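The values are calculated or read from the model by the stated rules, or taken from the named source; none is laboratory data. Note that the structure is a prediction, hence the values are computed from the model and not measured. Here Cβ is always computed from backbone atoms with ideal geometry, including for glycine, and neighbour counts include all displayed protein chains.
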Amino acid sequence: MRASKIPHVIQNVDPQELYDVICGASSQDPALMERSSFRLKSMLDYFGAFDALQEIAAQKSVPLPVRQQSIIQFKNAALSNWRSRRLVSDEHRVRIRQRCLSFLEEPDDMIAECNEIIVAKIARQDYPNNWNAITTQLIARYDNTLPPDAHSMTVLVRSLRLVNALLKEFGSIKMPAGVKVMATLIGDLHTEFYGYYARLGPVITSTLTPETVSQPRQTEDLTIAHLIFKCLVKMTTWLWQRPHMDEAEEKKEWLQQYFQDSSAQLQALSELRINLLVALRSANTSVDTAGRRTIDQLTRHVRLFGKLFRRFQQLDVKRFIQLPGCSELVFYYWSKVVQATDSPPEFIEDSQGAVFPVRFLVQAMVLFKENLAQWAPVRRDGSTNENVLSKEAVENAVRLLVTRFIPLNPSDLEGWMADPDEWVNEEDKENDHWEYEVRPCAERVLMTLAAQYKDYVVPLMEATFKQVISTPTTDLASVVQKEAVYCAIGRCATKLNDAIPFDQWLEHTLIPESQETNSSYPIIKRRIAWVIGKWVSDSCASPKNPMIWQVLVHLLQDRGPGSDAVVRLTAVAATRECIDNIDFDPEVFAPFLPATMKELITLLNEGDNQESKRRILNTLGVVIERSGMHIVPFLGALMDTVPGLWANAGDDWLFKGALLGTVETLIASSKEHSRPLINLVVPLVQECFTPVAKLQLEVDAYLMWQAAMRNAVSLDSIDGSRSLLELFPLAVRLQAEDLESVSKVCGIVESYVILDAPRVLQMHALDLFKAYQSTLPIALSSEQKNMLVTLRILVQIAPPQLWAEPLHVSGLFASLMKPLVDDNLAVSTLTEHIYVLARIVIADCGVFMRLMSASAGPLNTTETAVWEALLDQWWSRFDNMSEPRYRKLVAMGIANLVATGRPEVLERLPNEIFNLWLDVFGEIKEAEEQANEYNQLHNGGPQLTLFWDRAEPSESVFWEESKETPEGARRRAIFDDDPIRTTRLTTFVAARLQEAEAASGPGSVLQTSLAKADPLVVQQIQKELTSGL
């Protein structure tokens, strides 16, 4: 039946029906909502649906939920189809653009926010060509920056938010056209916005007092100023990021002036805010809701300035430093950090209403930290810097950080006690968010000071260290302060390793402290574990020191007074740091391995926080991997643990994947001793390839399965235990069905073949070949090569009687021959086919003859045509064979075919076959002569390895990964016994020619063919055959 040529008719939307459907989709009735949502999805493909949706959203008489649903549907569907003439006409677009501006008076925030996104996305496509008036239309809305009433205030705020959304959208465009539009927008807006803020800024600083803080006008002024400044931030940041653009060059002086004015305004606003909040606290004034809104908006506004400066610094710190007044600005920020430390502790809080909000202090620290390099005593080029911080300033900064910001605060300790696991997990993430939290940020500032001012910081830290270790630590305050000093020592390990004798500190201080039973000592013990891990990971201490393991093992197993879960979990992480180190010595660690394994397994079984358990499992995997064969005695304990952990994990696929990785590591470490683990591997693999689990776990499952195969020594089941042979039918099914993992499955199948090819073929030969027959023609070329290499190995090592018949019955042999007949594959792939066929010929030429005869039918051609195609490819692909061993392989294969007396073969003997043999004879002769000359010149020295006789079986991509496993030994044995290496080619060819003569008899095709040969070629062949190569 022919397809209809009638085009798809687009249906016009019925506005009333669409309204009814939207009402239903907004209903609280689940059945009605489901029916309406289904109908709505189809109506969105109607012509005019988007225009009608926005019209519904714009009508304030419509119930609010219906309006919200309409604009959400418009935002989600219309923007991606905005250019579609099938759904939207030019008239619709004009109405939609005009209607967008009507939402400037919208009282509902959600509808207004959706409209901001809509305007920005439409403008990205239509401005300036089809919507050039949008900027002038918006500017007209905020000519009066001090609106007299609530309605005007709403319009002004919505307009400014729209401008901000436009700038954000166009600022993200990288294409030249979009960059040009952004530059035009900035050119049109920057002066006006700068002037607006210049008029409004002084109003805020002059009118906001404790008495006026609750006046609504204060919040409104701050809101408008904040939005105007956000637009300025986007414009100036965009220009700052493109210093070489003409527009940026033109506005360079303006940009510098803007920075100076922003710096002055920040300082004025910051002082205003601090004084305001101090006054309110001093007067014990209760601030109402309106006042809190004003303070909240002021705090956000001050923080916006910090974001601007930080962004400038991130984009180009060198230019940032050179801005006029930059150093003064950064020093001002740092002065606020100093002022905060001199203030009552309650002034520092993570809240908008704090005198010194944590986020403000973090901004100050980050700006100070990133600018420290400009004040370093020696510049990067080695020159002396005159503009440096004084020794007193540096020492004061270090003391401030170590005494006020690095110590754990009460909220830290409360979190520690409330949820130890979660607290440790968050502490481990500090590297990811140090720019947002005060304690991690303070640590980074200290590290930068130590790097830039080592001569000042190291002596101070050394003196502090000596003072702390000599001072008794009894109460909580002294414990917290010592913990902070230890933290500083850990953070600056690379700078302090010459000043602090770690081994002495460990022996005389850390070991006794790790055994303390004081109830406050978990704070110090946790830091002891961390600092050991830090010093070792930074290569400042050696994990070969047994005292390190003494401390860590004690902290792992200590469950008495003075220890807790946080200490143990931190010791787990420190253990991983120390073991996963280049200097780790498993012999030094061996005495501590039993206790470490016991405690890690105990912690795994005790834990209920899955993230903590994954961290423990990660450490366990590192211990297993680095301990090597020392892990074998613990196989039983780990086998008993894994099933329970697996069952309890439920749908936590990350943890289950980590468990599979641990089992894989355990197999790889225990090598040939991993036999008991098969009882674990078999059920795990079977479960991983169930429909529910496969998508989540197949990658880890393949790796574990492959490791089990490479380290197995037998497929036999011992004492009724599980056998890897149980999994082979699954491998066959995956080989046929899982086209995304062909190479992974192929590696596993190859391992089965190498381990016990006869056993595998006796039970599964036909199914395996059928799987290959279905997958080989459609696999990628690289995957085809891997499959063909596996077939080569199988044919080489398995008896022909086990694979000959299944090779034909399955259709695989015909599949191998078909590309040769059709000549429709890449040259490299066709060459791999020849290698497989040559292996079959060498293994059993009689079997090959029968397979060739039987393949004519499936290939729908004559047997002679099949032979001609084979021989054509055999000769054509010979020049594509770069590996000498493979050239010898096909030379031996063609010799076996000559021995059959097959006319199609013998006809090619005088030319193609003789030339092929002579090429290979010449290569062998040249290689041996070079080797003999080398060995004579270096008598008694190293022997030259023949290129023909490579030291490794490199034909399989899986060889490298299996080198150090029992499978590697099996591959080596196959390689060493390969007839290609053990047989002299001249002797082999001479014998095959004799067989051909015997098979043909006098006056045969052989004699006829030889008569056609060039006498000189025949003479050369005879000479080579008697040379003994």
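The one condition from (1) touching a residue at least 40 places away in the same chain (Cβ under 8 Å); (2) part of a helix (DSSP H, G or I); (3) surrounded by fewer than 20 Cβ atoms within 10 Å (Cβ to Cβ) that Thr209 does not meet is (2). Exactly one residue out of Val458, Val445, Val468 is within 23 Å of Ser519 (Cβ to Cβ), surrounded by 14 or more Cβ atoms within 10 Å (Cβ to Cβ) and hydrophobic (A, V, I, L, M, F, W, C), and it is Val468.
Table: residues versus (1) closer than 22 Å to Val957 by Cα; (2) free of Cβ contacts under 8 Å to residues at least 40 places away in the same chain.
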| site | (1), (2) |
| --- | --- |
| Glu740 | yes, yes |
| Asp756 | yes, no |
| Leu766 | no, no |
| Lys770 | no, no |
| Lys818 | no, no |
| Ala826 | yes, no |
| Thr829 | yes, no |
| Ala838 | yes, no |
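Exactly one residue among Glu577, Glu587 is under 22 Å from Arg614 (Cα atoms) and either touching a residue at least 24 places away in the same chain (Cβ under 8 Å) or part of a helix (DSSP H, G or I) (or both), and that residue is Glu577. With respect to Leu802, is the statement that it is touching a residue at least 40 places away in the same chain (Cβ under 8 Å), crowded, with 22+ Cβ neighbours inside 10 Å, in a helix (DSSP H, G or I) and not aromatic (Phe, Trp, Tyr) true? So Leu802 does not fit the description; no.
Look at region 544-567 and say how many of its residues are out of contact with any Pro (no Cβ under 9 Å at 6 or more places or on another chain) and not in a loop (DSSP other than H, G, I, E, B).
Residues flagged as out of contact with any Pro (no Cβ under 9 Å at 6 or more places or on another chain) and not in a loop (DSSP other than H, G, I, E, B) within region 544-567 amount to 10.
Scanning region 506-543 for residues that are among the small types (Gly, Ala, Ser), part of a loop (DSSP other than H, G, I, E, B) and under 35 Å from the mean Cα position of the chain (by Cα) yields Ser539, Ala541, Ser542.
Quick one: would you say Ala268 is without any contact (Cβ under 8 Å) to a residue 24 or more places away in the chain, touching a helix residue (DSSP H, G or I) at 6+ places or on another chain (Cβ under 8 Å) and assigned to a helix (DSSP H, G or I)?
No: the conditions fail for Ala268.
Applying the criterion of at least 2 residues that are aromatic (Phe, Trp, Tyr) and in contact (Cβ under 8 Å) with a residue 24 or more places away in the chain to the helices (runs of 4 or more DSSP H) found wholly in region 436-498 leaves 454-469. Within region 14-36, the set of residues being surrounded by fewer than 13 Cβ atoms within 10 Å (Cβ to Cβ) and in contact with a Ser or Thr (Cβ under 9 Å, 6 or more places away or on another chain) is empty.
Note on region 318-333: residues that are part of a helix (DSSP H, G or I), within 18 Å of Lys307 (Cβ to Cβ) and touching a helix residue (DSSP H, G or I) at 6+ places or on another chain (Cβ under 7 Å) amount to 6. State whether the residues of region 152-160 include one that is crowded, with 17+ Cβ neighbours inside 10 Å, at pLDDT below 90, part of a helix (DSSP H, G or I) and in contact with a Cys (Cβ under 9 Å, 6 or more places away or on another chain). No, region 152-160 contains no residue that is crowded, with 17+ Cβ neighbours inside 10 Å, at pLDDT below 90, part of a helix (DSSP H, G or I) and in contact with a Cys (Cβ under 9 Å, 6 or more places away or on another chain). Candidates are the residues of region 136-151 that are β-branched (Val, Ile, Thr) and within 26 Å of Thr219 (Cα to Cα); the one that is modelled with the lowest pLDDT is Thr145.
Of all residues in region 681-692, exactly one satisfies the criterion of being modelled with pLDDT under 95 and of a type in the set (A, V, I, L, M, F, W, C), namely Val692. The set of residues in region 660-677 that are crowded, with 22+ Cβ neighbours inside 10 Å and within 18 Å of Phe728 (Cα to Cα) contains only Leu677. Here the condition is being over 15 Å from Leu156 (Cβ atoms), within 45 Å of the chain's Cα centre (by Cα) and assigned by TED's automatic domain parsing to the domain that holds Ala268; of Lys230, Lys252, it holds for Lys252 alone.
Among the residues making up region 370-408, those that are in contact (Cβ under 8 Å) with a residue 12 or more places away in the chain and not in a helix (DSSP H, G or I) are Ala376, Pro377, Asn387, Val388, Leu389, Ile406, Pro407, Leu408. When restricted to residues that are buried (at least 17 other Cβ atoms within 10 Å of the Cβ), out of contact with any Gly (no Cβ under 7 Å at 6 or more places or on another chain) and among the β-branched types (Val, Ile, Thr), region 975-1004 contains 2. Just one residue in the set Arg85, Arg99, Arg67 is free of Cβ contacts under 8 Å to residues at least 40 places away in the same chain and either assigned by TED's automatic domain parsing to the domain that holds Asp126 or closer than 22 Å to Gln125 by Cα (or both); that residue is Arg85.
Only residues that are over 30 Å from Leu208 (Cβ atoms) and either part of a helix (DSSP H, G or I) or not assigned by TED's automatic domain parsing to the domain that holds Phe312 (or both) were counted across region 238-249, and they come to 6.
For region 602-690, please list each of the helices (runs of 4 or more DSSP H) lying entirely inside it that holds at least 3 residues being more than 28 Å from the chain's Cα centre (by Cα). In region 602-690, the matching helices (runs of 4 or more DSSP H) lie at 635-649, 678-688. Being over 28 Å from Ala373 (Cα atoms) and hydroxyl-bearing (Ser, Thr, Tyr): is that true of Ser286 here? Considered against the rule, which asks whether it is over 28 Å from Ala373 (Cα atoms) and hydroxyl-bearing (Ser, Thr, Tyr), Ser286 comes out as yes.
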